[in-house]
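Here's the structure, in structure tokens; my notes come after.
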Amino acid sequence: MSEDTFAAPLERTCSNEDELAAVAAELAVTLRAGEVVALSGPLGSGKTAFARAIVRALHGRDEGSSPTFTFRHRYDGDPPVEHLDFYRIRDEREIAELGLEEAFDGDAIVLVEWWQRAPQLLPARRWEIAFEGAGDAPRRLQLVPPR
């Protein structure tokens, strides 16, 4: 696929994690430092697997993990990748205490799981990817590029 593949909203159904990783790798080559990817969907829908596949595609190593308990992981490389998980954010005051806004300084690609819990942190111009499905079921992805 070409970069034009992601120029307009699209839907994909992935039967397994390998297919999900392939979509993530296709997207990864189009991403540049400063871009934000907002990932949404239920627990177990593939958000972390998708983020891990982006990191692997960009950096050639599988180091991505869920930052649910730490809120933030930074993966150095060219470009660096910030992986944020807002699942445990319950109050806007936590955002300032955790310093999460620093991840959006423009020097890295930023992947954000559960972004709706702190939407004020994300720029209006962002990728939005919604996941449906869990367990052994296929995953349906809706990808909306920045506008």
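The values are calculated or read from the model by the stated rules, or taken from the named source; none is laboratory data. Note that the coordinates shown come from a computational prediction; the quantities given were computed from them, not determined experimentally. All Cβ positions, even for glycine, are placed from backbone atoms using ideal geometry, and neighbour counts span all protein chains on display.
When Ala49, Ala8, Ala28, Ala33 are checked against the criterion of being modelled with pLDDT of 95 or more and either polar (S, T, N, Q) or more than 21 Å from Leu121 (Cα to Cα) (or both), Ala28 stands alone in meeting it. In this structure, Ala38 does not satisfy being out of contact with any Phe, Trp or Tyr (no Cβ under 8 Å at 6 or more places or on another chain) and either surrounded by 14 or more Cβ atoms within 10 Å (Cβ to Cβ) or free of Cβ contacts under 8 Å to residues at least 24 places away in the same chain (or both). Show the residue pairs that are 6+ apart or on different chains and have beta-carbon atoms under 8 Å apart, the first residue being within the range 18-31 and farther than 19 Å from Arg139 by Cα, the second being assigned to a helix (DSSP H, G or I). Going by the 8 Å Cβ cut-off, the qualifying pairs are Val29/Glu3; Val29/Ala57; Thr30/Glu3; Thr30/Phe6; Leu31/Ile54; Leu31/Leu58. All conditions but one from (1) out of contact with any Phe, Trp or Tyr (no Cβ under 8 Å at 6 or more places or on another chain); (2) modelled with pLDDT under 95; (3) not basic (Lys, Arg) apply to Ala108; the one that does not is (2). Of the residues making up the range 105-121, those that are part of a loop (DSSP other than H, G, I, E, B) and touching a helix residue (DSSP H, G or I) at 6+ places or on another chain (Cβ under 6 Å) number 1. Would you check if there is a residue in the range 7-16 being farther than 11 Å from Arg139 by Cα, touching a Pro at 6+ places or on another chain (Cβ under 8 Å) and among the β-branched types (Val, Ile, Thr)? For the range 7-16, residues farther than 11 Å from Arg139 by Cα, touching a Pro at 6+ places or on another chain (Cβ under 8 Å) and among the β-branched types (Val, Ile, Thr): absent. Checked against (1) surrounded by 14 or more Cβ atoms within 10 Å (Cβ to Cβ); (2) out of contact with any Lys or Arg (no Cβ under 9 Å at 6 or more places or on another chain), Leu43 meets all criteria but (1). For the range 72-115: of the residues being over 13 Å from the mean Cα position of the chain (by Cα) and touching a residue at least 60 places away in the same chain (Cβ under 8 Å), which is surrounded by the most Cβ atoms within 10 Å (Cβ to Cβ)? Step by step, filter the range 72-115, then rank; the result is Phe104.
Among the residues of the range 125-147, write down those that are hydrophobic (A, V, I, L, M, F, W, C) and either on the phi > 0 side of the Ramachandran plot or modelled with pLDDT under 95 (or both).
From the range 125-147, those hydrophobic (A, V, I, L, M, F, W, C) are 127, 129-131, 134, 137, 141, 143-144; that's our starting set.
Residues satisfying the conditions are Ala134, Ala137.
When residues of the range 122-147 are filtered for being buried (at least 17 other Cβ atoms within 10 Å of the Cβ), assigned to a strand (DSSP E or B) and among the aliphatic types (A, V, I, L, M), how many remain? Going through the range 122-147 one residue at a time, the tally reaches 3.
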